[in-house]
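What follows is one structure encoded as structure tokens, with my remarks underneath.
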Amino acid sequence: ALPICVKNPIGVKLGPTVSPDDVLGLCEALNPDRVPGRLTLITRMGATKVRTALPPLLEAVRDSGHPVAWVCDPMHGNTFTSGSGRKTRDLDDVMDEVTGFFAAHAAAGTWPGGVHVELTGDDVTECLGGSARILDHHLDTRYETICDPRLNARQGLDLAFRVSELLSAR
């Protein structure tokens, strides 16, 4: 029988409780030949944990020499149920996690490779805050998602401008 060898790119989601040893074990198992571009590590830490949970991971992977792409998913770690009972996210928390992601990379001397968000160009009211000023009582107005709450077009632009500021500061 031929050995099975998967060579496609792989993305792994990392939460705030993962340890540096766990991440290094994943890097070794999923990319033992250290092929650049093969492994993407997607952090989902939450705004309150990214500044403490991410730096040890960045340092461990950097020091090991594993070539990974780092991506921030600031949506999932900041999901909660609003007072009105809707699954939502607050744009301030999303932007705070992105800011913490960039700050941790700056401190570690590593590169923040990307940001993953759920968004739509539609005028939905699924996430709180931003220049759209969506409040809890607005969520029912145009809450259309069947799965995860998305940023609307204005909130997406708010986030894009913040990411642009963070990139230009590097």
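The values are calculated or read from the model by the stated rules, or taken from the named source; none is laboratory data. Predicted, not measured: the structure shown is a model, and the values here were computed from it. Backbone-built Cβ (ideal geometry, glycine too); neighbour counts: all protein chains shown. Accessible surface is based on the protein model in full, side chains and every heavy atom, while ligands, DNA and RNA are left aside. Shrake-Rupley method; radii C 1.70, N 1.55, O 1.52, S 1.80 Å.
Things worth noting here:
- Residues that are of a type in the set (Lys, Arg) and closer than 30 Å to Val124 by Cα number at least 1 in the following strands (runs of 3 or more DSSP E) confined to region 3-92: 10-14, 87-89.
- Residue selected from region 131-144 under the condition open to solvent by less than 30 Å² (accessible area, probe 1.4 Å) and either assigned to a loop (DSSP other than H, G, I, E, B) or touching a Cys at 6+ places or on another chain (Cβ under 6 Å) (or both), by the criterion modelled with the highest pLDDT: Leu139
- Region 145-170, subset touching a Ser or Thr at 6+ places or on another chain (Cβ under 6 Å) and within 13 Å of Thr88 (Cα to Cα), residue least open to solvent (accessible area, probe 1.4 Å): Pro149
Results for (1) over 25 Å from Arg170 (Cα atoms); (2) of a type in the set (D, E, K, R); (3) surrounded by 14 or more Cβ atoms within 10 Å (Cβ to Cβ), shown as yes or no for each residue.
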residue: Val18; (1), (2), (3): yes, no, yes
residue: Gly25; (1), (2), (3): yes, no, no
residue: Pro36; (1), (2), (3): no, no, no
residue: Leu41; (1), (2), (3): no, no, yes
residue: Gly46; (1), (2), (3): no, no, yes
residue: Lys49; (1), (2), (3): no, yes, yes
residue: Leu57; (1), (2), (3): no, no, yes
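- Qualifying residue in region 22-44 (condition: of a type outside the set (Val, Ile, Thr) and closer than 30 Å to Ile134 by Cβ): yes
- Residues in region 96-129 that are open to solvent by less than 50 Å² (accessible area, probe 1.4 Å), assigned to a helix (DSSP H, G or I) and either touching a strand residue (DSSP E or B) at 6+ places or on another chain (Cβ under 8 Å) or of a type in the set (A, V, I, L, M) (or both): Glu97, Val98, Phe101, Phe102, Ala104, His105, Ala108.
Here is a yes/no grid of residues against (1) in contact (Cβ under 8 Å) with a residue 24 or more places away in the chain; (2) on the phi > 0 side of the Ramachandran plot; (3) within 14 Å of the chain's Cα centre (by Cα):
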{"site": "Ile42", "(1), (2), (3)": "yes, no, yes"}
{"site": "Ala47", "(1), (2), (3)": "yes, no, yes"}
{"site": "Ala53", "(1), (2), (3)": "yes, no, yes"}
{"site": "Pro56", "(1), (2), (3)": "yes, no, no"}
{"site": "Arg62", "(1), (2), (3)": "yes, no, no"}
{"site": "His66", "(1), (2), (3)": "yes, no, no"}
{"site": "Arg89", "(1), (2), (3)": "yes, no, yes"}
{"site": "Asp93", "(1), (2), (3)": "yes, no, yes"}
{"site": "Gly109", "(1), (2), (3)": "yes, yes, no"}
